[in-house]
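The values are calculated or read from the model by the stated rules, or taken from the named source; none is laboratory data. The shown structure was predicted, so the numbers you read here are calculated from the model rather than taken from an experiment. A quick note on method: Cβ atoms are made from the backbone with ideal geometry, for glycine too, and the neighbour counts reach across all protein chains shown.
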Amino acid sequence: MLTLTPSLTQSPTQSLTQSNEYFRKASSYLPLGVTSNYRYWGELDTRYIVRGKGAHIWDVDGNRYIDLRLGYGPAILGHADDRVDAAVIEALQRGVTFAMSVPEETEVAKKMVDLCPCVEMVRFANSGTEATMHALRLARAYTGREKLIMFEGQYHGLHDSVMFAANIGGDGYWSSNRRSPVAYPISSGVPKFHQQLVIMLPFNDSEVLERTLEQSWGEIAAVLVEPVLGNCGGILPDPEFLRTIRRLCDENGIVMIMDEVKTGFRLARGGAQEVFGVIPDLATYAKAMGNGYPVAAFGGKRELMQNIGSGVTHGGTFSGNRLSMAAANTALGIYQNTDALDQVKKNGEKLQTVIGEVLSNFDLEFSFSGHPSMFSLIFAREAPREYREWKTSDNWFYQEVAARLVKRGVITDPDSREPWFMCAALTDEDITEIATALEDAVKDALANA
(Lines give C-alpha, C1' and ligand atoms only; values in the text may rest on other atoms or scores of the structure.)
Protein backbone atom coordinates (compact mmCIF):
# COMPACT_ATOMS: atom_id res chain seq x y z
CA MET A 1 0.00 0.00 0.00
CA LEU A 2 1.75 3.13 -1.24
CA THR A 3 0.97 6.69 -0.21
CA LEU A 4 1.68 9.90 -2.07
CA THR A 5 4.07 12.58 -0.88
CA PRO A 6 1.90 15.56 0.13
CA SER A 7 4.39 18.16 -1.05
CA LEU A 8 4.29 16.64 -4.51
CA THR A 9 0.56 16.15 -4.93
CA GLN A 10 -0.87 19.34 -3.50
CA SER A 11 -0.45 22.60 -5.37
CA PRO A 12 -1.91 26.14 -5.20
CA THR A 13 -4.41 25.14 -7.89
CA GLN A 14 -5.42 21.80 -6.40
CA SER A 15 -7.01 22.18 -3.00
CA LEU A 16 -7.82 19.07 -1.00
CA THR A 17 -9.47 20.89 1.90
CA GLN A 18 -12.76 19.04 1.63
CA SER A 19 -11.13 15.64 1.13
CA ASN A 20 -8.99 16.28 4.20
CA GLU A 21 -12.12 17.10 6.19
CA TYR A 22 -13.90 13.98 4.94
CA PHE A 23 -10.85 11.96 5.93
CA ARG A 24 -10.89 13.42 9.43
CA LYS A 25 -14.57 12.49 9.88
CA ALA A 26 -14.30 9.11 8.20
CA SER A 27 -11.34 8.06 10.34
CA SER A 28 -13.63 8.04 13.38
CA TYR A 29 -15.75 5.31 11.82
CA LEU A 30 -13.65 3.58 9.13
CA PRO A 31 -10.12 2.20 9.64
CA LEU A 32 -7.78 4.49 7.68
CA GLY A 33 -10.89 6.47 6.71
CA VAL A 34 -11.67 4.14 3.78
CA THR A 35 -13.38 0.84 2.94
CA SER A 36 -10.37 -0.68 1.15
CA ASN A 37 -6.75 -0.43 2.27
CA TYR A 38 -5.76 0.41 -1.30
CA ARG A 39 -7.80 3.64 -1.30
CA TYR A 40 -5.70 5.10 1.50
CA TRP A 41 -3.11 7.53 0.11
CA GLY A 42 -2.10 9.15 3.39
CA GLU A 43 -3.78 11.59 5.75
CA LEU A 44 -3.40 14.58 3.43
CA ASP A 45 -3.86 12.90 0.06
CA THR A 46 -6.71 10.42 0.39
CA ARG A 47 -9.35 11.66 -2.01
CA TYR A 48 -13.13 11.29 -1.92
CA ILE A 49 -14.89 11.19 -5.27
CA VAL A 50 -18.31 12.74 -5.87
CA ARG A 51 -18.90 11.74 -9.47
CA GLY A 52 -17.47 10.26 -12.62
CA LYS A 53 -18.43 10.54 -16.27
CA GLY A 54 -16.65 9.05 -19.23
CA ALA A 55 -12.89 9.11 -18.68
CA HIS A 56 -13.11 11.72 -15.90
CA ILE A 57 -13.74 11.80 -12.15
CA TRP A 58 -14.21 14.73 -9.77
CA ASP A 59 -13.32 14.85 -6.08
CA VAL A 60 -15.24 16.66 -3.34
CA ASP A 61 -13.03 19.72 -3.82
CA GLY A 62 -14.03 20.00 -7.48
CA ASN A 63 -10.69 18.79 -8.86
CA ARG A 64 -11.16 17.00 -12.17
CA TYR A 65 -8.93 14.06 -13.15
CA ILE A 66 -8.45 11.92 -16.23
CA ASP A 67 -8.93 8.50 -14.68
CA LEU A 68 -6.44 5.82 -15.74
CA ARG A 69 -7.36 3.53 -12.85
CA LEU A 70 -11.07 3.15 -13.67
CA GLY A 71 -11.72 1.46 -10.34
CA TYR A 72 -8.85 -0.97 -11.18
CA GLY A 73 -10.37 -1.69 -14.56
CA PRO A 74 -14.16 -2.08 -14.38
CA ALA A 75 -15.31 1.15 -16.10
CA ILE A 76 -14.12 0.08 -19.54
CA LEU A 77 -16.88 1.97 -21.37
CA GLY A 78 -16.28 5.01 -19.17
CA HIS A 79 -17.87 6.02 -15.90
CA ALA A 80 -21.67 6.30 -15.79
CA ASP A 81 -22.25 4.90 -19.27
CA ASP A 82 -25.76 6.01 -20.23
CA ARG A 83 -26.75 2.65 -21.74
CA VAL A 84 -25.71 0.57 -18.75
CA ASP A 85 -27.11 3.03 -16.24
CA ALA A 86 -30.47 3.18 -18.01
CA ALA A 87 -30.80 -0.61 -17.83
CA VAL A 88 -29.98 -0.59 -14.11
CA ILE A 89 -32.42 2.24 -13.37
CA GLU A 90 -35.20 0.37 -15.16
CA ALA A 91 -34.40 -2.86 -13.29
CA LEU A 92 -34.31 -1.06 -9.95
CA GLN A 93 -38.00 -0.32 -10.19
CA ARG A 94 -38.87 -4.03 -10.26
CA GLY A 95 -37.11 -5.15 -7.09
CA VAL A 96 -33.58 -6.40 -6.60
CA THR A 97 -33.09 -9.48 -4.40
CA PHE A 98 -35.67 -12.21 -3.85
CA ALA A 99 -33.91 -15.40 -2.66
CA MET A 100 -35.09 -16.68 -6.04
CA SER A 101 -33.61 -16.50 -9.52
CA VAL A 102 -34.50 -13.80 -12.02
CA PRO A 103 -34.93 -14.29 -15.79
CA GLU A 104 -31.98 -11.99 -16.52
CA GLU A 105 -29.57 -14.60 -15.13
CA THR A 106 -30.21 -16.88 -18.09
CA GLU A 107 -29.73 -14.02 -20.55
CA VAL A 108 -26.36 -13.11 -19.06
CA ALA A 109 -25.30 -16.76 -18.86
CA LYS A 110 -26.08 -17.27 -22.55
CA LYS A 111 -24.04 -14.22 -23.51
CA MET A 112 -21.10 -15.51 -21.49
CA VAL A 113 -21.31 -18.92 -23.15
CA ASP A 114 -21.37 -17.21 -26.54
CA LEU A 115 -18.42 -14.91 -25.74
CA CYS A 116 -16.09 -16.92 -23.51
CA PRO A 117 -14.34 -19.88 -25.18
CA CYS A 118 -14.14 -22.16 -22.12
CA VAL A 119 -17.54 -21.40 -20.65
CA GLU A 120 -20.19 -24.07 -21.15
CA MET A 121 -21.92 -23.35 -17.83
CA VAL A 122 -21.57 -20.44 -15.41
CA ARG A 123 -22.46 -19.30 -11.91
CA PHE A 124 -22.56 -15.69 -10.69
CA ALA A 125 -20.87 -13.99 -7.76
CA ASN A 126 -20.28 -10.43 -6.57
CA SER A 127 -16.50 -9.93 -6.78
CA GLY A 128 -13.36 -11.40 -8.24
CA THR A 129 -12.43 -12.65 -4.79
CA GLU A 130 -15.62 -14.69 -4.61
CA ALA A 131 -15.16 -16.01 -8.14
CA THR A 132 -11.65 -17.37 -7.56
CA MET A 133 -12.67 -18.77 -4.16
CA HIS A 134 -15.53 -20.78 -5.67
CA ALA A 135 -13.51 -21.90 -8.70
CA LEU A 136 -10.75 -23.21 -6.46
CA ARG A 137 -13.23 -25.07 -4.26
CA LEU A 138 -14.73 -26.68 -7.35
CA ALA A 139 -11.30 -27.74 -8.63
CA ARG A 140 -10.45 -29.33 -5.29
CA ALA A 141 -13.75 -31.18 -5.19
CA TYR A 142 -13.37 -32.42 -8.75
CA THR A 143 -9.80 -33.71 -8.34
CA GLY A 144 -9.88 -34.82 -4.72
CA ARG A 145 -6.62 -32.91 -4.20
CA GLU A 146 -5.90 -29.77 -2.19
CA LYS A 147 -2.72 -27.97 -3.31
CA LEU A 148 -2.58 -25.23 -5.91
CA ILE A 149 0.14 -23.64 -7.99
CA MET A 150 0.32 -19.85 -8.10
CA PHE A 151 2.87 -17.60 -9.80
CA GLU A 152 5.02 -14.78 -8.48
CA GLY A 153 3.48 -11.34 -8.99
CA GLN A 154 -0.07 -12.59 -9.42
CA TYR A 155 -3.15 -11.54 -7.46
CA HIS A 156 -6.31 -13.59 -7.08
CA GLY A 157 -8.32 -11.70 -4.49
CA LEU A 158 -8.52 -11.50 -0.72
CA HIS A 159 -9.56 -14.93 0.51
CA ASP A 160 -7.17 -16.93 2.66
CA SER A 161 -6.36 -19.61 0.08
CA VAL A 162 -4.64 -17.15 -2.27
CA MET A 163 -3.37 -14.34 -0.04
CA PHE A 164 0.28 -15.11 -0.69
CA ALA A 165 3.16 -13.41 -2.45
CA ALA A 166 6.70 -14.42 -3.34
CA ASN A 167 9.29 -13.85 -0.64
CA ILE A 168 11.73 -11.69 -2.62
CA GLY A 169 13.90 -9.22 -0.74
CA GLY A 170 15.28 -6.04 -2.17
CA ASP A 171 18.95 -6.83 -1.52
CA GLY A 172 18.97 -10.53 -2.26
CA TYR A 173 20.05 -11.41 1.28
CA TRP A 174 16.75 -12.94 2.33
CA SER A 175 15.30 -13.66 -1.11
CA SER A 176 13.99 -17.14 -1.76
CA ASN A 177 15.51 -19.08 -4.62
CA ARG A 178 13.91 -18.56 -8.00
CA ARG A 179 13.60 -22.31 -8.58
CA SER A 180 11.75 -22.78 -5.30
CA PRO A 181 10.12 -19.49 -4.22
CA VAL A 182 8.74 -19.17 -0.71
CA ALA A 183 5.10 -18.06 -0.49
CA TYR A 184 4.38 -15.76 2.41
CA PRO A 185 1.01 -14.37 3.54
CA ILE A 186 0.19 -10.79 2.57
CA SER A 187 -1.86 -10.27 5.72
CA SER A 188 -1.83 -11.21 9.35
CA GLY A 189 -4.59 -13.62 10.27
CA VAL A 190 -4.12 -16.10 7.40
CA PRO A 191 -4.04 -19.62 8.91
CA LYS A 192 -0.70 -21.36 8.46
CA PHE A 193 -2.21 -24.45 6.87
CA HIS A 194 -3.18 -22.41 3.80
CA GLN A 195 0.50 -21.69 3.19
CA GLN A 196 1.18 -25.42 3.14
CA LEU A 197 -1.28 -25.79 0.26
CA VAL A 198 0.38 -23.17 -1.99
CA ILE A 199 3.21 -23.89 -4.39
CA MET A 200 4.64 -20.59 -5.63
CA LEU A 201 6.52 -20.61 -8.95
CA PRO A 202 8.07 -17.97 -11.24
CA PHE A 203 5.85 -16.75 -14.09
CA ASN A 204 6.88 -17.57 -17.65
CA ASP A 205 9.15 -20.45 -16.65
CA SER A 206 7.90 -23.66 -18.24
CA GLU A 207 10.94 -25.65 -17.12
CA VAL A 208 10.39 -25.01 -13.41
CA LEU A 209 6.67 -25.72 -13.79
CA GLU A 210 7.31 -29.03 -15.53
CA ARG A 211 9.88 -30.10 -12.93
CA THR A 212 7.47 -29.24 -10.10
CA LEU A 213 4.63 -31.23 -11.61
CA GLU A 214 6.87 -34.22 -12.18
CA GLN A 215 7.51 -34.25 -8.44
CA SER A 216 4.14 -33.27 -7.00
CA TRP A 217 1.41 -33.75 -9.59
CA GLY A 218 -0.61 -36.12 -7.41
CA GLU A 219 -1.15 -33.44 -4.76
CA ILE A 220 -2.14 -30.55 -7.03
CA ALA A 221 -5.78 -29.71 -7.69
CA ALA A 222 -5.30 -26.59 -9.80
CA VAL A 223 -2.91 -24.31 -11.58
CA LEU A 224 -4.32 -20.84 -10.97
CA VAL A 225 -2.93 -18.33 -13.45
CA GLU A 226 -3.52 -14.76 -14.48
CA PRO A 227 -2.83 -14.86 -18.24
CA VAL A 228 -1.57 -11.28 -17.93
CA LEU A 229 -0.14 -10.09 -14.61
CA GLY A 230 -2.84 -7.59 -13.76
CA ASN A 231 -1.13 -6.57 -10.53
CA CYS A 232 2.45 -6.65 -11.77
CA GLY A 233 2.91 -4.31 -14.70
CA GLY A 234 0.55 -6.14 -17.05
CA ILE A 235 3.36 -8.61 -17.81
CA LEU A 236 2.47 -10.76 -20.82
CA PRO A 237 2.92 -14.52 -21.07
CA ASP A 238 5.60 -15.95 -23.32
CA PRO A 239 4.03 -17.57 -26.39
CA GLU A 240 4.47 -21.13 -25.10
CA PHE A 241 3.89 -20.62 -21.37
CA LEU A 242 0.09 -20.83 -21.28
CA ARG A 243 0.15 -23.70 -23.75
CA THR A 244 2.59 -25.55 -21.49
CA ILE A 245 0.25 -25.09 -18.52
CA ARG A 246 -2.60 -26.47 -20.61
CA ARG A 247 -0.61 -29.50 -21.72
CA LEU A 248 0.71 -30.33 -18.26
CA CYS A 249 -2.72 -30.00 -16.66
CA ASP A 250 -4.13 -32.41 -19.24
CA GLU A 251 -1.32 -34.90 -18.65
CA ASN A 252 -1.67 -34.81 -14.86
CA GLY A 253 -5.41 -34.52 -14.29
CA ILE A 254 -5.07 -30.97 -12.91
CA VAL A 255 -7.68 -28.23 -13.35
CA MET A 256 -6.39 -25.17 -15.21
CA ILE A 257 -8.08 -22.05 -13.82
CA MET A 258 -7.54 -18.87 -15.80
CA ASP A 259 -8.16 -15.78 -13.68
CA GLU A 260 -9.68 -13.37 -16.20
CA VAL A 261 -11.00 -10.95 -13.59
CA LYS A 262 -8.99 -8.14 -15.21
CA THR A 263 -8.48 -9.46 -18.74
CA GLY A 264 -12.00 -10.74 -19.34
CA PHE A 265 -14.08 -8.48 -21.63
CA ARG A 266 -11.07 -6.16 -21.88
CA LEU A 267 -8.36 -7.71 -24.06
CA ALA A 268 -11.02 -8.99 -26.46
CA ARG A 269 -14.62 -10.20 -26.44
CA GLY A 270 -13.32 -13.62 -25.48
CA GLY A 271 -10.68 -12.21 -23.18
CA ALA A 272 -7.17 -13.62 -22.91
CA GLN A 273 -8.44 -17.00 -24.08
CA GLU A 274 -9.24 -15.47 -27.45
CA VAL A 275 -6.01 -13.46 -27.63
CA PHE A 276 -3.63 -16.28 -26.67
CA GLY A 277 -5.58 -19.24 -28.01
CA VAL A 278 -5.47 -21.30 -24.81
CA ILE A 279 -8.67 -22.69 -23.30
CA PRO A 280 -8.71 -23.41 -19.53
CA ASP A 281 -11.02 -25.75 -17.66
CA LEU A 282 -12.43 -22.92 -15.53
CA ALA A 283 -12.23 -19.14 -15.75
CA THR A 284 -13.14 -16.29 -13.42
CA TYR A 285 -14.59 -12.91 -14.35
CA ALA A 286 -15.49 -9.59 -12.72
CA LYS A 287 -14.25 -5.99 -13.34
CA ALA A 288 -15.42 -5.04 -16.87
CA MET A 289 -18.27 -7.55 -16.76
CA GLY A 290 -20.64 -4.88 -15.41
CA ASN A 291 -18.80 -1.66 -16.33
CA GLY A 292 -18.47 -0.70 -12.68
CA TYR A 293 -21.41 -2.47 -11.12
CA PRO A 294 -20.58 -5.27 -8.65
CA VAL A 295 -20.89 -8.51 -10.56
CA ALA A 296 -18.64 -11.51 -11.09
CA ALA A 297 -18.77 -15.05 -12.42
CA PHE A 298 -16.91 -18.31 -12.69
CA GLY A 299 -17.56 -20.81 -15.42
CA GLY A 300 -16.08 -23.52 -17.54
CA LYS A 301 -16.50 -27.02 -18.80
CA ARG A 302 -19.85 -28.67 -18.20
CA GLU A 303 -18.11 -31.73 -16.74
CA LEU A 304 -16.75 -29.61 -13.89
CA MET A 305 -19.60 -27.15 -13.43
CA GLN A 306 -22.22 -29.90 -13.06
CA ASN A 307 -20.60 -30.87 -9.76
CA ILE A 308 -22.11 -27.71 -8.26
CA GLY A 309 -25.24 -28.83 -6.48
CA SER A 310 -23.98 -32.41 -6.44
CA GLY A 311 -21.89 -32.17 -3.33
CA VAL A 312 -20.23 -28.84 -4.14
CA THR A 313 -21.82 -25.77 -2.58
CA HIS A 314 -22.11 -22.35 -4.16
CA GLY A 315 -24.45 -19.53 -3.20
CA GLY A 316 -24.74 -15.93 -2.13
CA THR A 317 -27.54 -13.62 -1.04
CA PHE A 318 -26.72 -11.05 -3.70
CA SER A 319 -25.36 -13.35 -6.40
CA GLY A 320 -27.31 -12.85 -9.61
CA ASN A 321 -29.30 -9.93 -8.21
CA ARG A 322 -31.36 -8.00 -10.73
CA LEU A 323 -29.22 -4.84 -10.76
CA SER A 324 -25.98 -6.71 -11.39
CA MET A 325 -27.61 -8.83 -14.05
CA ALA A 326 -29.06 -5.76 -15.78
CA ALA A 327 -25.62 -4.12 -15.83
CA ALA A 328 -23.86 -7.25 -17.08
CA ASN A 329 -26.51 -8.03 -19.69
CA THR A 330 -26.23 -4.56 -21.19
CA ALA A 331 -22.43 -4.29 -20.94
CA LEU A 332 -21.86 -7.71 -22.49
CA GLY A 333 -24.28 -6.83 -25.26
CA ILE A 334 -22.27 -3.71 -26.02
CA TYR A 335 -19.00 -5.67 -26.14
CA GLN A 336 -20.64 -8.28 -28.32
CA ASN A 337 -22.32 -5.98 -30.84
CA THR A 338 -20.16 -2.86 -31.08
CA ASP A 339 -16.50 -1.98 -31.62
CA ALA A 340 -16.11 -0.72 -28.04
CA LEU A 341 -13.25 -3.07 -27.17
CA ASP A 342 -11.46 -2.25 -30.41
CA GLN A 343 -11.71 1.43 -29.45
CA VAL A 344 -10.26 0.68 -26.03
CA LYS A 345 -7.26 -1.01 -27.62
CA LYS A 346 -6.79 1.85 -30.11
CA ASN A 347 -6.84 4.38 -27.28
CA GLY A 348 -4.09 2.45 -25.55
CA GLU A 349 -2.00 2.34 -28.69
CA LYS A 350 -2.43 6.09 -29.21
CA LEU A 351 -1.45 6.84 -25.64
CA GLN A 352 1.64 4.63 -25.86
CA THR A 353 2.69 6.50 -29.00
CA VAL A 354 2.45 9.93 -27.42
CA ILE A 355 4.11 8.75 -24.21
CA GLY A 356 6.99 7.44 -26.31
CA GLU A 357 7.27 10.78 -28.09
CA VAL A 358 7.34 12.66 -24.77
CA LEU A 359 9.87 10.40 -23.06
CA SER A 360 12.20 10.29 -26.08
CA ASN A 361 13.07 13.90 -25.23
CA PHE A 362 14.61 12.79 -21.94
CA ASP A 363 17.63 10.66 -21.15
CA LEU A 364 15.51 7.88 -19.67
CA GLU A 365 15.21 4.17 -20.20
CA PHE A 366 11.57 3.14 -20.50
CA SER A 367 9.36 0.43 -21.94
CA PHE A 368 5.73 -0.60 -22.06
CA SER A 369 4.54 -3.80 -20.47
CA GLY A 370 1.18 -5.38 -21.16
CA HIS A 371 -1.68 -5.20 -23.64
CA PRO A 372 -2.65 -1.77 -25.03
CA SER A 373 -5.95 -1.92 -23.12
CA MET A 374 -4.12 -2.34 -19.78
CA PHE A 375 -0.44 -1.49 -19.89
CA SER A 376 2.25 -0.22 -17.56
CA LEU A 377 4.94 2.38 -18.05
CA ILE A 378 8.16 0.77 -16.85
CA PHE A 379 11.34 2.76 -16.33
CA ALA A 380 13.69 0.07 -17.62
CA ARG A 381 15.22 -0.69 -21.01
CA GLU A 382 13.24 -3.91 -21.51
CA ALA A 383 9.73 -4.83 -20.45
CA PRO A 384 9.79 -7.39 -17.61
CA ARG A 385 8.92 -11.04 -18.20
CA GLU A 386 8.32 -11.84 -14.55
CA TYR A 387 7.99 -10.29 -11.10
CA ARG A 388 11.70 -10.46 -10.29
CA GLU A 389 12.51 -8.46 -13.42
CA TRP A 390 9.87 -5.89 -12.53
CA LYS A 391 11.62 -5.38 -9.19
CA THR A 392 14.80 -4.27 -10.99
CA SER A 393 13.04 -1.39 -12.78
CA ASP A 394 13.20 2.18 -11.42
CA ASN A 395 10.07 2.07 -9.31
CA TRP A 396 11.18 5.02 -7.19
CA PHE A 397 11.24 7.29 -10.24
CA TYR A 398 7.86 5.96 -11.36
CA GLN A 399 6.37 6.89 -8.00
CA GLU A 400 7.81 10.40 -8.31
CA VAL A 401 6.26 10.81 -11.77
CA ALA A 402 2.92 9.31 -10.71
CA ALA A 403 2.65 11.71 -7.76
CA ARG A 404 3.22 14.66 -10.07
CA LEU A 405 0.69 13.37 -12.60
CA VAL A 406 -1.98 13.36 -9.90
CA LYS A 407 -1.05 16.95 -9.11
CA ARG A 408 -1.66 17.76 -12.78
CA GLY A 409 -5.04 16.06 -12.97
CA VAL A 410 -4.12 12.58 -14.27
CA ILE A 411 -4.88 9.69 -11.92
CA THR A 412 -2.60 6.70 -12.19
CA ASP A 413 -1.81 4.32 -9.38
CA PRO A 414 1.26 5.29 -7.33
CA ASP A 415 2.44 1.68 -7.65
CA SER A 416 3.87 0.80 -11.08
CA ARG A 417 2.58 -2.76 -10.69
CA GLU A 418 -0.95 -1.48 -11.31
CA PRO A 419 -1.55 -1.00 -15.06
CA TRP A 420 -2.94 2.09 -16.76
CA PHE A 421 -6.46 1.08 -17.75
CA MET A 422 -7.99 2.39 -20.97
CA CYS A 423 -11.66 3.07 -21.58
CA ALA A 424 -13.71 3.62 -24.72
CA ALA A 425 -14.62 7.15 -23.58
CA LEU A 426 -11.01 8.40 -23.60
CA THR A 427 -10.71 11.12 -26.26
CA ASP A 428 -7.82 12.44 -28.33
CA GLU A 429 -8.03 15.62 -26.26
CA ASP A 430 -7.61 13.55 -23.09
CA ILE A 431 -4.56 11.84 -24.58
CA THR A 432 -3.02 15.20 -25.47
CA GLU A 433 -3.68 16.42 -21.93
CA ILE A 434 -2.03 13.31 -20.50
CA ALA A 435 1.02 13.86 -22.70
CA THR A 436 1.38 17.47 -21.54
CA ALA A 437 0.99 16.48 -17.90
CA LEU A 438 3.54 13.69 -18.31
CA GLU A 439 6.12 16.00 -19.85
CA ASP A 440 5.74 18.48 -16.98
CA ALA A 441 5.78 15.68 -14.39
CA VAL A 442 8.98 14.13 -15.73
CA LYS A 443 10.72 17.51 -15.93
CA ASP A 444 9.77 18.26 -12.34
CA ALA A 445 10.77 14.80 -11.10
CA LEU A 446 14.18 15.02 -12.79
CA ALA A 447 14.76 18.53 -11.46
CA ASN A 448 14.02 17.40 -7.91
CA ALA A 449 15.58 13.94 -8.04
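Details
- Checking Ala283 against (1) crowded, with 24+ Cβ neighbours inside 10 Å; (2) in a loop (DSSP other than H, G, I, E, B), the condition it does not meet: (2)
Residue-by-condition table, conditions (1) at pLDDT 95 or above; (2) touching a Cys at 6+ places or on another chain (Cβ under 9 Å); (3) part of a helix (DSSP H, G or I); (4) more than 18 Å from Ala402 (Cβ to Cβ):
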site	(1), (2), (3), (4)
Met1	no, no, no, no
Ser7	no, no, yes, no
Tyr22	yes, no, yes, yes
Lys25	yes, no, yes, yes
Thr35	yes, no, no, yes
Trp58	yes, no, no, yes
Leu70	yes, yes, no, no
Ala75	yes, yes, no, yes
Arg83	yes, no, yes, yes
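- Checking each residue of the range 293-310 against the condition of being part of a helix (DSSP H, G or I), out of contact with any Phe, Trp or Tyr (no Cβ under 7 Å at 6 or more places or on another chain), touching a residue at least 24 places away in the same chain (Cβ under 8 Å) and over 27 Å from Leu224 (Cα atoms) gives no match.
- Close pairs from the range 14-29: first in contact (Cβ under 8 Å) with a residue 40 or more places away in the chain and under 16 Å from Tyr40 (Cβ atoms), partner among the hydrophobic types (A, V, I, L, M, F, W, C) and crowded, with 16+ Cβ neighbours inside 10 Å, Cβ under 6 Å, at least 6 apart: Ser19/Val60
- Index of the failed condition, Gly356 passing every other in (1) over 21 Å from Val119 (Cα atoms); (2) not assigned by TED's automatic domain parsing to the domain that holds Glu418: (2)
- Comparison of Gly153, Gly144 shows that the only residue that is surrounded by fewer than 20 Cβ atoms within 10 Å (Cβ to Cβ), among the small types (Gly, Ala, Ser) and over 16 Å from His314 (Cβ atoms) is Gly144.
- Number of residues in the range 249-280 that are part of a helix (DSSP H, G or I) and farther than 23 Å from Ala221 by Cα: the value is 4.
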